[in-house]
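Participant: Below you'll find the structure I mean.
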């Protein structure tokens, strides 16, 4: 499925975009006016509606006018929209884009794994994603140039990482980006595997206990606030206080639950405790739409579609080719098809849903959406999921989700209608600011070989890590290899090495404090240099650079 | 007040459809002319058994099939109650919460995995009900699930045996001391430590229960002002054990620790005790009988670690003859497929009767799990859970041919496709052997690998 060369979707097609005025590239220069007029553009103001040759006026960050005969203010920077297609910029319902990993310095040994400090167990509901937003994260730009203008971001971490916020994908400071703080209490069924709670059943037990404790603390705090005289002083507890709005149903719980069993676990918990639930990253929900509908939970479906391993392999002579293999392959394909058709199933079941793209490559987003439409999802329903439905689920449909006068100016201009194979995002307005997505120089196809020895240096806050990576060609885009380096004198086998276009990606497993961690290195190869990032399990990602050894 | 009432109405409206989906499927089936091994009422030759809406409604000769009812000809076949395994760990996504020696608050129903293929394999061995337990890493582990093997459903709730009493895992001896003493350098490091951990936990729970009882009593009084005690799910669960609402299933091997746990239970007023494994149970069988504890044992598994060297295949028979209600369990996804063989060993080792041997895997485990009013024998009014065998189930030549749960055929040897998985992983690789050689890859084995492949292709 990764047949597309990554990023080619975003190759510049400059001819399509004609500006009458010089416009700042990606906000490097302040624009001469905060008023824009996009004229002669095909507008899709909301799913199912279409305006030919219309005009959109953007002023002061808001949409000031939409229609066929809208007067253009004299101060407006005019954008000729001939051959362009305007949509409300998309909204992602569960995202970690632009969110830094909390810099945990505490790696001390935990004496009693049954009773760890809460932050080590992942019990951090009092944390706020706003403290971890990085407006300069290059991924924000990438997501924006996939047509997105807003997202609900969540803190990184396990179990109860903190409260989510709806942000606009533009702005210089975290506060400037935030549209709706504390939009949800975020939770996952994940755990720190070595301390309590380490398994899914203990995670759920802990959840229930915290919830009941919060209810009791909340009620007692209310009594104490009315008349404290003669009453024992309640201890303040930020963990429980963060749960109060959940127990009073004022704040929803955004629960990441991808697999069919996890979704049901979360639904059972919700049924037992009664909180307001938003399911996020759902990828196996097609068989349980009735149950989800009955629960009243709102849903963000995963935009991910698994790759067929056969596509990767493409080996002509398969020595295991036989009836059994064929039957197994058939079933596997059936399930990929079911995942692709999931959104259509939710739409038929009458469940309102949006999308989340947690593990999806940005360059695959549009391709996956097209596959979902091909698998039966009504294009209008797909557009609604990306725009107005997501806005409604997040409670921001008065501000976002359609191109309407008075709404925040989040508008994406495409080169073709969105589900067209060749559609490219040309320009995105976020909060009234213009961002261009067409870069001419970026993507030369490099067919250079990466086989050989690489010297790489990763920069962590503590130290510089020297690595030596040896890569050998395997099949197609696939390679094999080993890595040696600081604290890894033995050499570790890389688990999955791919070169996709010029994007080199490999993984390996290390033990950190006795806990297995997956390390992912991903970046771009330019001739004999490599530049990218290294992600170490839950510890976060750091820059990594390398050069190819000319010796071999 | 009005608002509150509306909330309740809305809550009911919202939750009702979900509750409805959790109702298990039931079916009608007439099994004709079989040899019925009823377990509680001897063997009935050439007899029919009728199941309607999941319940056994009639046992007798020449029963007529109601309209639309499936008829199974069991001529020459043996029909017995569905086998019950009191000790299993299948259908779980996690087994041990190893981080603490005390985890009574965790519930195995939260880790239930209805997609586990082991459920189907157990059905293929005539098993219809199991207790799936927390592992033995902790002195007090999590709460178990009694479940029916309704393989095919996605919903974990539909597997749960409706109304079965709650159970919990305790564990003594080498496992908890190895995990926590040796592994985490903490109590319990010794057998004494295990006893200490259990006693102090139960003592704390008793105090906790008292605190809450007092608070709840005071709260009812006019003008009461005070803070509630801290809520603790762990102590809450232990208090439920003290109230007699949870059956203790205690992993134990040695006679001394069996006597110890019975003493602990006596001291804390715990009466519902099932000794799991109890390899040395035969040494203290009269004491176990006097306490009223039950035992769920292996047929003949031992010597896999130090504390299980002193064991015997006569254990089940000795316990039975001493008046201890005994079952034979699998504790294993492989053994669960032939519990009938495990039970048959007691015919040779200890000379139990056929009915006694069958009881070890049917009515006795049902009693241990508190579900004998529903399953464990072929009786009118009981659940339509039936296993059909070609050959007597205690014969080494027997073959399970069909397994029925709640009147629904869940395993049929005639219709047994190769791939019975409910969900598949779309990214799975099939070749787990490592023999698969990627194209362009050269290894030092060279042509040897090709030869190896030819070996398998040449058939």
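Participant: Taking the Cα centre of each part, how many Å lie between the range B:211-227 and the range A:159-191?
Facilitator: Value for the Cα centre distance between the two parts: 41 Å.
Participant: Within a 10 angstrom radius of each residue's Cβ in A:82-92, how many Cβ atoms of other chains show up on average? Whole number is fine.
Facilitator: 0
Participant: In the range B:403-422, whose amide N lies under 12 Å from the spot 7 Å out along Cα-to-Cβ of residue A:330? List them in ranges.
Facilitator: Within reach of a label on residue A:330: B:418-419.
Participant: Starting from the Cα gyration tensor of the range A:344-436, multiply each eigenvalue by 5, take the square root, and state the resulting semi-axes largest first in whole Å.
Facilitator: 22, 19, 12
Participant: Next question. If you average 1/r over all unlike Cα pairs in the range A:187-235 and invert the result, what Kirkwood radius do you get in angstrom?
Facilitator: Its Kirkwood hydrodynamic radius stands at 12.8 Å.
Participant: Still on this structure, please answer the following. Percent antiparallel among DSSP beta bridges with both residues in the protein assembly as shown, to the nearest 5?
Facilitator: If I count the DSSP bridges inside the protein assembly as shown, around 65 percent turn out antiparallel.
Participant: For the range B:79-118, what is the Kirkwood estimate of the hydrodynamic radius, computed as the reciprocal of the mean inverse distance between distinct Cα atoms, to one decimal in Å?
Facilitator: Result for the range B:79-118, one decimal place: 12.2 Å.
Participant: Summarise the partner chain shielding of A:213-222 as one whole number: the mean count of Cβ atoms from other chains within 10 Å of each residue's Cβ.
Facilitator: Working: counts 5, 1, 1, 5, 4, 0, 1, 3, 0, 0.
That works out to 2 on average.
Participant: Right, another one. Starting from the Kirkwood radius over alpha-carbon pairs of the range B:273-404, derive D by Stokes-Einstein at 20 °C in a medium of 1.002 mPa s and give it in µm² s⁻¹. Working shown, then result.
Facilitator: Numbers: Rh = 15.2 Å.
Calculated translational D: 141 µm²/s.
Participant: Roughly what % antiparallel, to the nearest 5, for the DSSP beta bridges in chain B?
Facilitator: 50
Participant: Roughly how far apart, in whole Å, are the Cα centres of the range A:238-265 and the range A:60-88?
Facilitator: Cα centroid of the range A:238-265 versus Cα centroid of the range A:60-88: 41 Å apart.
Participant: Using the 10 angstrom Cβ neighbour count as an exposure proxy, how do B:212, A:454 rank, fewest first? Don't jump to the answer; show the numbers that get you there.
Facilitator: Details: B:212 18, A:454 21.
Ranked by crowding around the Cβ, least crowded first: B:212, A:454.
Participant: Radius of gyration and Dmax for the range B:22-97's Cα atoms, expressed in Å?
Facilitator: Calculated on Cα positions, Rg and Dmax stand at 16.0, 53 Å.
Participant: Along each of its three principal axes, how wide is the spread of alpha-carbon positions in the range B:358-423, in whole angstrom units, largest first?
Facilitator: Projected onto its principal axes, the Cα set of the range B:358-423 covers 36, 32, 21 Å.
Participant: Can you bin the range A:34-99 into rounded, prolate or oblate? Criterion: square roots of the alpha carbon gyration tensor eigenvalues sorted a ≥ b ≥ c, rounded for a/c under 1.5, prolate for a/b above b/c, oblate for the rest. Before the final figure, lay out each step's value.
Facilitator: Values: a/c = 2.35, a/b = 1.45, b/c = 1.62.
Oblate, because a/c is 1.5 or more while a/b does not exceed b/c.
Participant: Output the Kirkwood hydrodynamic radius of the range B:266-351, Cα pairs only, in Å rounded to one decimal.
Facilitator: Kirkwood hydrodynamic radius for the range B:266-351: 13.3 Å.
Participant: Here is a follow-up. I need the Debye-formula profile for the range A:82-166: one equal scatterer per C-alpha, no solvent, reported as log10 I(q)/I(0) at q = 0.18, 0.24, 0.25 1/Å, two decimals.
Facilitator: Each listed q corresponds, in turn, to -0.81, -1.14, -1.19.
Participant: Hey, fewest Cβ within 10 Å first, where do A:380, A:64 land in order?
Facilitator: With the fewest neighbours first, A:380, A:64 line up as A:380, A:64.
Participant: Next up: Give the percent of DSSP beta bridges with both residues in chain A that are antiparallel, rounded to the nearest 5.
Facilitator: Antiparallel bridges make up about 75 percent of those DSSP assigns within chain A.
Participant: Then there's this: Can you report the principal axis dimensions of the range B:260-307 using only the alpha carbons, biggest first, rounded to whole angstrom?
Facilitator: Its Cα atoms span 34, 18, 16 Å along the three principal axes.
Participant: Also: Mind pulling up the Rg/Rh value for the range B:26-156? Radius of gyration and Kirkwood radius, both on Cα.
Facilitator: Working: Rg = 18.7 Å, Rh = 16.8 Å.
Radius of gyration over Kirkwood radius for the range B:26-156 works out to 1.11.
Participant: How much FRET efficiency would the formula 1/(1 + (r/R0)^6) give for residue A:75 and residue A:507, where r is the Cβ-Cβ distance and R0 is 60 Å, rounded to 0.05?
Facilitator: 0.70
Participant: Next up: Please report, in cubic angstrom per residue, the volume enclosed by the convex hull of the alpha-carbon atoms of the protein assembly as shown.
Facilitator: Considering the Cα atoms of the protein assembly as shown, their hull volume per residue is 216 Å³.
Participant: Share of Cα-Cα pairs in the range B:188-294 beyond 19 Å, in percent?
Facilitator: 52
Participant: Would you kindly calculate the translational diffusion coefficient of chain A, applying Stokes-Einstein with the Kirkwood radius from alpha carbon pairs, for 20 °C and a viscosity of 1.002 mPa s, and quote it in µm² s⁻¹ without decimals?
Facilitator: For the chosen part, D equals 84 µm²/s.
Participant: So how far, in whole Å, is the C-alpha centre of the range A:94-146 from the one of the range A:345-372?
Facilitator: Distance between centres, Cα-based: 25 Å.
Participant: Let me ask something else. Dividing the alpha-carbon Rg of chain B by 2.2 N^0.38 Å yields what?
Facilitator: 1.11
Participant: How shielded is A:324-333 by partner chains, expressed as the average number of their Cβ atoms within 10 Å of its Cβ atoms?
Facilitator: Mean inter-chain Cβ contacts per residue within 10 Å come to 3.
Participant: Let me ask another. Can you give the helix-only mean residue ellipticity at 222 nm for chain A, where every DSSP H stretch with n ≥ 4 adds -39500 (n - 2.57) and the sum goes over all residues, rounded to the nearest 500 deg cm²/dmol? Can you show the working numbers first?
Facilitator: Working: 13 runs with 127 residues, N = 552.
My calculation for chain A gives -6500 deg cm²/dmol from helical runs alone.
Participant: What is the fewest-to-most order of B:200, B:136 by other Cβ atoms lying within 10 Å of their Cβ? Intermediate values should be presented prior to the final figure.
Facilitator: Working: B:200 12, B:136 25.
Going from least to most buried by this count: B:200, B:136.
Participant: In whole angstrom, and with the biggest value first, how far do the Cα coordinates of the range A:158-279 range along each principal axis?
Facilitator: Projected onto its principal axes, the Cα set of the range A:158-279 covers 49, 41, 28 Å.
Participant: Rounded to the nearest 0.05, what FRET efficiency do residue A:273 and residue A:495 give with R0 = 60 Å and r taken as the Cβ-Cβ distance? Could you check? Intermediate results must be reported in sequence, preceding the final value.
Facilitator: Numbers: r = 39 Å, r/R0 = 0.65.
Once rounded, the FRET efficiency stands at 0.95.
Read the figures in this text as sums done on the coordinates, not as results from a lab. Note that the structure is a prediction, hence the values are computed from the model and not measured. When we count neighbours, we look across all protein chains shown, and the Cβ atoms used for this are built from the backbone with ideal geometry, even at glycine.
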